[in-house]
């Protein structure tokens with residue numbers, strides 16, 4: 001499960017950069033002795049899923065209190081809105097005002113690894129804690145434990161409004177690309193919108209639900225295995241892009257999607273205005289509250305099945321004054337008692353450790369287990385942010401009729417390869 | 001002020017990821033810029049945005065200020081001026097979020113009104129040209145109050161004898177505006193145009209929140225490009241090169257406008 005990128009260049013550059021930092025005196029200057037550290041900075045995103053940031057802030061204070069008491073250390077939690085997440089990290093870390101322990105998603109990590117800003121956990125980890133972590137291998141980059149998976153969830157799924165399907169004479173959710181098209185035609189003929197996607201969203205995150213699953217379903221991949229080049233400009237990539245265009249041209253998806261945001265799509269689905277939405281398992285509560293009769297499948301099937309799952313992790317910063325203590329904090333957060341609180345009070349994701357039972361009423365727990373082989377996360381590679389930004393812009397241009405699928409993918413691949421090359 | 005400019009100049013000649021020390025690359029970033037279609041496109045987009053917003057906000061602010069100064073020098077006029085100044089005091093991010101919601105294709109207030117009167121919904125932020133025009137118009141809405149206050153203060157300084165004499169000579173209000181107010185306010189207009197142009201070239205927050213530079217890069221202005229290169233793609237050296245070009249462009253425009261205004265006054 002998940003995509004792990006191995007790049008020798010990346011490792012070499014990481015080593016070189018780390019050496020350069022030490023030589024130039026920019027490193028933290030070694031660990032402080034145990035007990036010398038009075039506080040640790042922990043940076044986390046918000047909102048995860050609670051109704052407000054203040055609720056999440058209070059929940060984190062409660063979760064971390066036992067660690068603070070036991071270790072006699074203050075854990076200063078900084079909650080950063082998703083929209084500013086990457087900028088805040090970049091400015092914070094570059095001005096030596098960043099976290100000691102932080103939460104990162106895969107596509108963020110590569111650049112920080114190459115530049116030596118985050119370091120492996122390996123030498124500080126307790127083997128018993130590692131044994132407890134279900135997805136620990138997903139945190140390995142170039143064989144080293146740069147990340148400890150914290151959230152393995154947010155699976156992208158196809159939500160369907162069953163009442164709208166019934167009104168169109170359809171009793172089951174379509175499971176293949178062809179079925180989806182024919183059902184969408186029936187829904188459209190019944191006077192309803194079949195599918196909405198947020199191609200007007202200001203940021204590229206929507207690709208995780210609206211393009212990458214199609215790419216994987218067509219048998220393609222985003223980057224080459226070594227992470228040095230883009231791989232989406234392939235037969236599979238063009239098939240995925242063509243399918244998107246077919247959805248648009250057949251009327252399954254209205255042309256207004258180029259102006260829609262995630263919130264607008266969700267609002268339309270919850271309001272019963274569209275039959276399908278590519279969303280996440282985390283929307284179950286909102287969908288239940290909306291009162292619509294909804295069902296889901298994890299993935300459509302093209303050449304194969306495949307969808308996105310977030311695999312976000314805790315990472316150890318070189319700036320941490322006591323890396324053992326920071327690692328202890330990571331292990332504490334990721335242990336069963338704390339994760340149970342996190343999943344109960346902040347967001348209902350599946351367990352990530354053996355010592356957490358999980359919510360038996362969460363219908364998605366078995367879905368993750370049954371579909372483990374079709375779940376993909378984004379590759380870790382320096383410069384990948386540029387790849388995704390470029391791909392998003394070019395696919396928007398394709399949907400606006402400014403480029404063919406072939407042109408869009410070729411241009412995106414060219415720009416993406418430049419970004420990857422520049423970062424290495 | 002000098003230090004950031006010098007530092008940007010230095011970084012523009014380096015490969016700088018922010019996370020590691022800069023490496024000298026000479027003019028490479030500038031050579032790359034010349035061949036970067038996205039950057040060239042962002043210059044045209046910024047120019048188009050400027051050409052829509054600056055003339056419109058200048059003319060509307062002048063006409064409104066003249067109207068308020070001549071006809072509504074009372075409580076109603078004060079209320080209108082205060083109301084038009086509220087957007088100026090509001091955070092650009094808040095303005096952008098509110099307008100984004102108002103202009104939503106599905107269930108946005110503006111489209112709901114349009115549909116109520118039988119007009120098909122308009123994809124304000126999802127069509128390339130329309131998105132740029134829409135963002136420009138929101139900018140005009142945001143800036144008018146500020147320039148109106150400047151024009152209003154300027155109009156109050158124009159000697160009333162000029163208007164009285166012209167009225168005796170039979171000039172109507174339009175002729176007074178065109179023959180007395182506009183020429184008398186040339187220095188003020190110069191300030192308004194210069195400020196409007198510089199602000200337009202620096203636009204970021206509004207675009208970032210309303211469209212993120214989309215759809216398909218249609219509203220990706222120069223500063224948006226700089227942000228993406230520096231803070232999303234870790235190419236701060238390249239971003240600095242763009243910033244230096246932007247600085248040069250603004251400098252040239254300011255000098256040209258000053259010359260034009262001087263010639264015009266002369």
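No lab work stands behind these numbers, since they all come straight from the coordinates. Keep in mind it's a predicted model, so treat the numbers as computed, not measured. Reconstructed Cβ throughout: ideal geometry from the backbone, glycine too, with neighbour counts over all protein chains shown.
Length, then width, then depth: along the principal axes, the Cα atoms of the protein assembly as shown run 96, 70, 49 Å. Between the stretch B:212-266 and the stretch A:215-260, the alpha-carbon centres lie 33 Å apart. Comparing A:293, A:161, A:208 in a Gaussian network model of chain A (Cα springs below 10 Å), the most mobile by mean-square fluctuation is A:293. Per-residue mean of foreign Cβ neighbours for A:252-265 is 5 (Cβ atoms of other chains, 10 Å radius). If you take the Cα centroid of the stretch A:399-422 and the Cα centroid of the stretch A:123-174, the two points sit 28 Å apart. Springs between Cα atoms under 10 Å define the GNM used for chain A, and in it the highest mean-square fluctuation of A:91, A:230, A:327 occurs at A:91.
Counted by neighbouring Cβ atoms within 10 Å, the residues B:141, A:60 run from fewest to most as B:141, A:60.
If both residues of a DSSP beta bridge must be in the protein assembly as shown, then about 65% of such bridges are antiparallel. Computed packing ranks the peptides A:272-283, B:93-104 as A:272-283, B:93-104, most packed first, by mean other Cβ atoms within 10 Å.
For the stretch B:163-266, the Kirkwood radius over C-alpha pairs fed into Stokes-Einstein at 37 °C and 0.692 mPa s yields D = 197 µm² per second. Descending by average beta-carbon neighbour count within 10 Å, the peptides B:67-79, A:121-133, A:383-395 line up as A:383-395, A:121-133, B:67-79, the highest first.
I'd like to know how the stretch A:363-424 sits against the 2.2 N^0.38 Å rule of thumb: what's its Cα Rg over that expected value? It is 1.50. Spatially, the stretch B:1-77 and the stretch A:54-78 are offset by 43 Å when compared through their Cα centroids. Computed packing ranks the peptides B:166-174, B:83-91 as B:83-91, B:166-174, most packed first, by mean other Cβ atoms within 10 Å.
Taking every residue in A:398-408 and counting other chain Cβ atoms within 10 Å of its Cβ, the average works out to 2.
Quick one: in the stretch B:42-222, what % of C-alpha pairs are over 23 Å apart? Cα-Cα pairs of the stretch B:42-222 separated by over 23 Å account for 50 percent.
Angle between the Cα long axis of helix A:323-334 and the longest principal axis of chain A, 0 to 90 degrees, nearest 10? Relative to chain A, helix A:323-334 is tipped by roughly 40 degrees. The modelled label-to-label distance between residue B:158 and residue B:191, using points 7 Å beyond Cα along the C-beta direction, is 1.6 nm. Subtracting the Cα-Cα distance of residue B:117 and residue B:259 from their residue separation scaled by 0.36 nm leaves 46.2 nm.
Peptide A:203-209 has a mean of 1 when you count, residue by residue, the C-beta atoms of other protein chains within 10 Å of its C-beta. Exposure proxy ranking for B:66, B:28, B:120, based on other Cβ atoms within 10 angstrom of each Cβ and starting from the fewest, stands as B:120, B:28, B:66.
Among A:113, A:238, the order by Cβ neighbours within 10 angstrom, fewest to most, reads A:238, A:113.
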